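Some notes on the structure that comes next.
Just so it is clear, none of the values below were taken in a lab; they were calculated from the coordinates. From a predicted model like this one, the values you see are computed outputs, not experimental measurements. Glycine gets a Cβ as well: all are built from the backbone with ideal geometry, and neighbour counts include every protein chain shown.
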Amino acid sequence: MPRVLIVWHSATGGAKALVEAILEGANDPSIEGVEVVSLPAPEAAVDDVMAADGYLLVTPENFGYMSGALKDFFDRTYYPCLEHTRGRPFGLAVRAGGDGTGAVAAVTPLTTGLGWKEVAPPVIAAGDLTEAHLAAARDLGATLAAGLAIGLY
């Protein structure tokens, strides 16, 4: 059974709301045969990354960068997973106080280096968190999970 790993960090709850929407989308009843695992970034480890078939990353934008917790996740998992997870699909959601591009720019070289394939443009929830942001996050979760379910990725 394909497994989606959601790795996230949220200090104030905004990114957590995106995670909850992603979980709704990934666990849509019409998508069968996919396991969804959600772990806070400090808890996600090499074994979790290796056991997953696709990844959804969620971070707040902190000082124009990804959160320190997500950076730490990459610090701990990047090299051990480097040659073992190439070609796997991923998606990114950013809860941004600014425009979110700094956080996207920080994550992109890491996912590119890992050889992960982006399944959709990043969801950037800038400004007030809206239903449109949450709908985009639900769509991101459903896109990755459905693609794994039908063998697209």
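Please compute the length gained on full extension between E118 and M50, using 0.36 nm multiplied by the number of residues separating them and subtracting their Cα-Cα distance.
22.7 nm
Treating only the Cβ atoms of Lys and Arg (+1) and Asp and Glu (-1) as charged, compute the dipole magnitude of the chain about its Cα centre; round to the nearest 20 debye.
That gives a dipole near 280 debye.
In percent, how large is the relative contact order of region 41-143, given Cα pairs closer than 8 Å and 6 or more residues apart?
29 percent
Name all residues of region 31-72 having a backbone nitrogen under 20 Å from the label point set 7 Å from the Cα of D139 along its Cα→Cβ direction, giving them as ranges.
Only 31, 55-59 pass the distance filter.
Sticking with the crude label model, points 7 Å out along Cα→Cβ, report the distance from L82 to L39 in nm, one decimal please.
Using points 7 Å along Cα→Cβ, the separation is 2.1 nm.
So how far apart, in nm, are the two label points at D72 and E32 if each is 7 Å from Cα heading toward Cβ?
It is 4.1 nm.
Taking N as the number of residues in the chain, what is its Cα Rg relative to 2.2 N^0.38 Å?
Its radius of gyration relative to the 2.2 N^0.38 Å reference: 0.93.
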